[in-house]
Every structure is written in structure tokens, then in C-alpha cells.
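Below: one structure, written as C-alpha cells.
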Amino acid sequence: MKKLNWGMLGTGWIAHEMGEALKRVNGEIYACCATSMESAEKYAEEFDVKNAYGSADEMFDDENIDIVYIATPHNSHYEFLMKALQSGKHVFCEKAITVNDTQLEEAVKLAKKKNLVICDGMTLYHMPVFKKMKEIVDSGKLGPVKMIQVNFGSCKEYDVTNRFFSKELAGGALLDIGVYATSFSRFFMKSKPNSILTTANYFETGVDETSGIILRNPDGQMAVMALTMRAKQPKRGVVACEDGFIEIYNYPRGDKATIVYTNDGHTETIEAGEAAYALDYEVEDMQNYVLNGGSEEYLTYSRDVMSVLTDIRKQWGMIYPFE
């Protein structure tokens with residue numbers, strides 16, 4: 001695959017994982033930027049990055065950059081996404097790509113106007129095993145999809161100063177882990193959910209700590225999601241069809257799933273890809289989108305997911321201070 005010039009915005013732990021993936025897939029990282037020049041230079045030295053910048057605007061002005069990767073807190077995604085697009089850059093942004101659907105729709109409109117690709121870092125869209133699962137479900141082999149169940153529990157350490165619990169940084173379970181569960185659900189539904197039932201408990205800082213969410217679409221398919229941020233749950237997803245179901249654990253970076261057939265209970269294992277290379281698949285797909293197109297289906301999923309997440313927060317009456 002042709003090498004592309006990536007500019008890394010942010011140098012935290014996920015940017016380090018993405019840095020490793022970019023080195024493996026793309027061979028190099030062209031530029032990086034952090035909140036301080038010292039951090040940018042440290043990252044540049046670690047990953048042999050050609051150009052280090054101390055401000056996002058300075059990096060966006062570099063005409064040689066093809067793709068900007070955004071790895072900053074949720075509340076800053078929209079600002080950097082729009083600036084990168086205005087500068088003529090394709091954008092790969094960590095999830096959640098924005099904090100609400102209005103922001104995302106504005107970014108989509110600008111990207112289309114400038115003929116640029118935007119994509120979010122939803123690993124499961126790019127994992128090979130999910131592509132296999134989707135083929136099996138869409139083939140009708142298991143009959144129509146009736147119900148989807150998704151759990152995600154992440155026991156974050158009690159720390160009111162951590163970004164996970166900060167309303168000012170768009171913290172809470174919904175945008176951090178709920179985006180995975182909602183993306184899983186939408187990926188296997190024929191259409192966008194148009195009916196939502198939900199309730200939540202809140203952490204002392206005002207962000208959502210636990211929630212239960214039920215989705216239903218016009219095709220009569222339902223999804224039930226359970227999210228927790230101060231208790232552990234298995235990352236488990238089930239796609240239940242008339243003639244069998246597919247079950248997958250650790251689904252955000254899954255590489256193995258099991259089909260159970262209803263008529264006789266026999267099982268079949270699906271394996272594809274490797275969890276350790278989850279971000280490699282993201283890089284490969286993003287570069288393919290930029291070079292050859294084909295990102296439209298996944299962008300539709302991202303838009304539907306963000307619309308659902310926004311509607312959920314509206315039901316909760318939860319607004320971030322900067323909105």
C-alpha cells in the first residue's frame with residue numbers, strides 16, 4: 001500500500017498504540033503535535049517522527065500531511081476535526097468522534113464539500129472477525145436478526161479528577177464505552193433505531209456511571225445494552241437470529257466468535273485477524289478509504305450511532321457544560 005503522511009494530534013497512551021500500528025502498516029509517521037513542544041519532541045524521538053509541532057494550527061498548516069489522527073479528549077474532537085478538514089486533511093478521529101450529532105453532521109457536510117474522508121476509531125468496524133460475522137448474518141444463514149445483547153463494564157479507579165468522570169471533558173460511560181455497545185448493535189441492525197428506552201445512575205461529578213438502554217428500529221429488531229463504569233462486566237455481544245446466534249467476547253478487539261445453531265445446538269467457531277493488531281486494521285482501512293474510497297457505509301453507522309447517543313442523553317437531561 002502507498003505510504004501516506006499521518007499527523008498525530010495528541011501523544012497519550014492511545015497515540016502510542018496507534019504509533020506502533022502506523023509504523024507496522026505505513027512504515028513511518030510524518031508529524032506529531034502535543035500540548036507542549038517537549039511532549040511532541042519526546043514522542044517524535046520515540047517513534048522516529050520527522051516533524052514535531054507545539055500547536056495544532058501549525059501542524060495543520062503543513063501541506064504535506066495527508067491524514068490527521070485525533071487522539072485528544074472528547075470535548076476537543078469537534079474543534080480539531082473541523083480545523084483539520086478546513087486545512088484540507090483527511091481525518092481519523094478516536095471515538096467518540098464528536099460529543100453530539102449536530103457536531104458530526106457539520107463535520108460530514110464540510111468533508112463532503114472538500115471531498116475528504118472522515119472516519120472514527122471504532123475498532124470493531126475494522127476487525128476481520130466482524131466482517132466475517134456481518135457476511136454470515138447478511139447471508140441469511142441464521143435467519144433474520146431478532147435481538148442483540150451487548151454488555152460493557154469497565155471498573156475505573158475512583159478518582160474525581162480523572163477525565164472519565166469529568167463532565168467538562170465529556171466523561172461518563174456513554175461516550176467512552178457505550179459507543180462500542182451502540183456501534184455493535186447498529187452494525188448488525190438493518191436500519192437505525194428510532195425508539196429508545198433508557199435509565200441511568202450518575203457518578204458524584206454528574207456523569208453517567210451505569211445505564212440500561214433498549215433500542216428498537218423500524219424493522220422490529222431490538223438491542224439491549226448494559227453499561228457500567230465502576231463495576232466489571234464481560235465485554236460480551238450476542239446477535240440472536242431465528243435459526244441461531246453468534247456470541248463474541250472482548251468484542252471491541254475481538255478475533256474469535258461462536259455460532260450456536262438453534263435446531264440441534266451444534267456450534268461453529270469463526271476466527272479472523274488478531275486482537276493485538278486491532279489498530280493495524282484501522283490504519284489499513286483508513287488508508288484504503290483515502291486512496292480508493294468506500295468509507296460511506298461506515299460513516300453512516302457512525303452518524304446513526306451519534307444520533308442515538310445524543311437522543312439517550314436528551315432523555316437523561318444530561319448536557320455537557322460546553323454544549
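The values are calculated or read from the model by the stated rules, or taken from the named source; none is laboratory data. All values derive from a computational prediction rather than experimental measurement. Cβ placement follows ideal geometry from the backbone for every residue including glycine, while neighbour counts extend to all protein chains displayed.
Structural remarks
- Qualifying residue in segment 101-109 (condition: among the aliphatic types (A, V, I, L, M), part of a loop (DSSP other than H, G, I, E, B) and touching a residue at least 60 places away in the same chain (Cβ under 8 Å)): no
- Residues that are within 24 Å of the chain's Cα centre (by Cα) and at pLDDT 95 or above within segment 33-46 comprise Cys33, Ala34, Tyr43, listed in sequence order.
- Looking across segment 164-186 at every residue that is among the charged types (D, E, K, R) and part of a helix (DSSP H, G or I), the one that is farthest from Met306 (Cα to Cα) is identified as Asp176.
- Any hit, segment 149-160, residues being in a strand (DSSP E or B) and either crowded, with 22+ Cβ neighbours inside 10 Å or not assigned by the TED database to the domain that holds Thr258 (or both): yes
- Look at (1) assigned to a strand (DSSP E or B); (2) under 25 Å from His74 (Cβ atoms); (3) not β-branched (Val, Ile, Thr) and you find that Glu268 fails only one, number (2).
- Any chance Pro144 is surrounded by fewer than 16 Cβ atoms within 10 Å (Cβ to Cβ), of a type outside the set (Phe, Trp, Tyr) and in the same structural domain as Leu279 (by the TED database): yes
- When Phe245, Phe203 are checked against the criterion of being closer than 24 Å to Tyr158 by Cα, over 18 Å from the mean Cα position of the chain (by Cα) and among the aromatic types (Phe, Trp, Tyr), Phe203 stands alone in meeting it.
- Scanning segment 204-233 for residues that are in contact with a Lys or Arg (Cβ under 7 Å, 6 or more places away or on another chain), of a type outside the set (Lys, Arg) and either in a loop (DSSP other than H, G, I, E, B) or not assigned by the TED database to the domain that holds Leu309 (or both) yields Thr205, Gly206, Val207, Asn217, Asp219, Gln221, Met229.
- The residues listed here are Gly273, Gly294; of these, the one that is farther than 16 Å from Lys132 by Cα and assigned by the TED database to the domain that holds Phe184 is Gly294.
- Breaking point among (1) surrounded by fewer than 16 Cβ atoms within 10 Å (Cβ to Cβ); (2) closer than 30 Å to Gly27 by Cα; (3) of a type in the set (Asp, Glu), for Asp285: (1)
- Boolean, Ala257 is assigned by the TED database to the domain that holds Ser183, part of a strand (DSSP E or B), in contact with a helix residue (DSSP H, G or I) (Cβ under 9 Å, 6 or more places away or on another chain) and in contact (Cβ under 8 Å) with a residue 40 or more places away in the chain: yes
- Flag for Tyr277 being surrounded by 16 or more Cβ atoms within 10 Å (Cβ to Cβ) and touching a Cys at 6+ places or on another chain (Cβ under 7 Å): no
Residue-wise test of (1) of a type outside the set (Val, Ile, Thr); (2) crowded, with 18+ Cβ neighbours inside 10 Å.
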| position | (1), (2) |
| --- | --- |
| Glu20 | yes, no |
| Asn26 | yes, yes |
| Glu58 | yes, no |
| Val68 | no, yes |
| Ser76 | yes, no |
| Leu81 | yes, yes |
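- When the criteria are applied in full, Ala231 fails the requirement of being in contact (Cβ under 8 Å) with a residue 12 or more places away in the chain and buried (at least 18 other Cβ atoms within 10 Å of the Cβ).
- Glu271 falls short on exactly one of the conditions (1) touching a residue at least 60 places away in the same chain (Cβ under 8 Å); (2) surrounded by 14 or more Cβ atoms within 10 Å (Cβ to Cβ), and that condition is (2).
- Matching residues, segment 81-129, being closer than 26 Å to Phe322 by Cα and of a type in the set (Lys, Arg): Lys83, Lys89, Lys95, Lys109
This table checks each residue for (1) among the aromatic types (Phe, Trp, Tyr); (2) under 30 Å from Tyr158 (Cβ atoms); (3) buried (at least 16 other Cβ atoms within 10 Å of the Cβ).
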residue: Arg236; (1), (2), (3): no, yes, yes
residue: Cys241; (1), (2), (3): no, no, yes
residue: Thr262; (1), (2), (3): no, no, no
residue: Tyr298; (1), (2), (3): yes, no, yes
residue: Val305; (1), (2), (3): no, yes, yes
residue: Val308; (1), (2), (3): no, yes, yes
